[in-house]
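One structure below.
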Amino acid sequence: KAGVTQTPRYLIKTRGQQVTLSCSPISGHRSVSWYQQTPGQGLQFLFEYFSETQRNKGNFPGRFSGRQFSNSRSEMNVSTLELGDSALYLCASSLQAGGGYNEQFFGPGTRLTVL
Amino acid sequence: QKEVEQNSGPLSVPEGAIASLNCTYSDRGSQSFFWYRQYSGKSPELIMFIYSNGDKEDGRFTAQLNKASQYVSLLIRDSQPSDSATYLCAVIQNSGGYQKVTFGTGTKLQVIP
């Protein structure tokens with residue numbers, strides 16, 4: 001069974017631009033969660049989607065948004081990029097919503113650099 | 001106070017020794033607890049999860065949970081150089097009817113040959 005895939009793997013943007021990242025979960029998984037990982041803040045939860053609905057949201061500004069399609073693939077969008085948005089963006093898929101009793105499988109991540 | 005706290009390390013242990021990694025959390029209502037391992041440049045991978053007070057063993061790994069004291073720990077017996085990685089503690093809490101995942105910042109483990 002194929003794992004979680006994320007595209008692109010690396011991205012370089014300039015301040016003010018916007019970016020869209022994509023995540024394809026493991027086949028059969030309906031939940032996709034997004035995380036931002038930086039050396040100083042660690043792994044921070046952005047949001048979770050289940051069955052095309054946002055189920056949970058972290059403490060990030062409205063510039064960060066996402067959506068999920070009927071095939072469970074998810075996209076994350078960041079508008080008006082800032083230098084501080086440079087990070088590794090990870091998505092994780094699980095069978096059901098919530099990270100509680102469901103193991104999350106992480107993708108390889110997208111490394112975003114904002115210049 | 002951070003919701004989930006871990007000592008950033010590095011924690012250095014000799015090969016063959018027991019490595020003890022600790023994590024404390026602030027929300028008494030936290031329900032479940034996960035330990036992830038993350039090698040440099042890679043994404044996290046699940047090692048163990050624990051829901052109930054006490055110990056849970058899986059091979060060389062033992063997770064310990066004490067809800068009264070609000071800590072969870074991971075013991076790695078017979079540590080190997082391949083165990084050198086950052087270990088992330090994740091805590092699941094109920095938040096507004098949904099479950100919220102909070103990660104600690106991780107403890108870097110170095111196993112010295």
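Read-outs throughout are calculated quantities, based only on the coordinates presented, and are distinct from any laboratory measurement. This is a predicted model, so every value here is computed, not measured. Cβ: placed from backbone, ideal geometry, glycine included. Neighbour counts: every protein chain shown.
Remarks
- Mean projected area of the Cα convex hull of chain B, taken over all directions, amounts to 7.0 nm².
- Computed label-point distance, nm, for sites B:SER20 and A:ALA2 using a 7 Å Cα→Cβ extension: 4.6 nm
- Net +/- balance of residues flanking A:GLY109 in space, Cβ distance below 10 Å, scoring K and R +1, D and E -1: +3
- Electrostatic tally near A:SER94: other residues with Cβ closer than 11 Å to its Cβ, Lys and Arg +1, Asp and Glu -1, net -1.
- Built amide H within the under 5 Å cut-off of B:MET48, gap 5+: B:TRP35
- Working note: Cα atoms of chain A, range along each principal axis, descending, whole Å: 37, 27, 26.
- In terms of packing, defined here as the mean over residues of other Cβ atoms within 10 angstrom, the peptides B:76-89, A:12-25 line up highest first as B:76-89, A:12-25.
- Put simply, the convex hull of the Cα atoms in the protein assembly as shown casts, on average, a shadow of 12.6 nm².
- Take each residue of peptide A:39-45, count the partner chain Cβ atoms within 10 Å of its Cβ, and average: the result is 5.
- Once the C-beta distance of A:THR53 and B:GLN80 is scaled by a Förster radius of 25 Å, the resulting FRET efficiency is 0.05 to the nearest 0.05.
- Per-residue average of Cβ from other chains inside 10 Å of A:55-68: 1
- Each label point was placed 7 Å from the Cα along the Cα-to-Cβ direction; for A:SER79 and B:ASP58 their separation is 4.1 nm.
- Peptide B:14-26 shows a mean partner chain C-beta count of 0 within 10 Å per residue C-beta.
- Taking all pairs of distinct alpha-carbon atoms in the range B:8-47, Kirkwood radius in angstrom: 12.9 Å
- Label-reachable residues, the range A:42-73, where backbone N falls under 11 Å from a point 7 Å from B:SER8's Cα toward its Cβ: A:42
- Each peptide in A:59-67, B:67-75 receives the mean, over its residues, of other Cβ atoms within 10 Å, and ordering these scores from highest gives B:67-75, A:59-67.
- The orientation-averaged projection of the convex hull spanning the C-alpha atoms of the range A:1-41 amounts to 4.3 square nanometres.
- Among A:LEU11, B:THR102, A:PRO39 the positive-end extreme of the charge dipole of the protein assembly as shown (Cβ point charges): A:LEU11
- Summing +1 for each Lys or Arg and -1 for each Asp or Glu among the other residues whose beta-carbon sits under 12 angstrom from that of A:SER79 gives +1.
- Grouping the Cα pair distances of the range B:34-92 into 5 Å bins from zero gives a pair-distance distribution of 4, 18, 29, 25, 15, 7, 2, 0 percent in increasing distance order.
- Efficiency of FRET between A:SER27 and B:SER40 - r from beta-carbon atoms, R0 22 angstrom, step 0.05: 0.15
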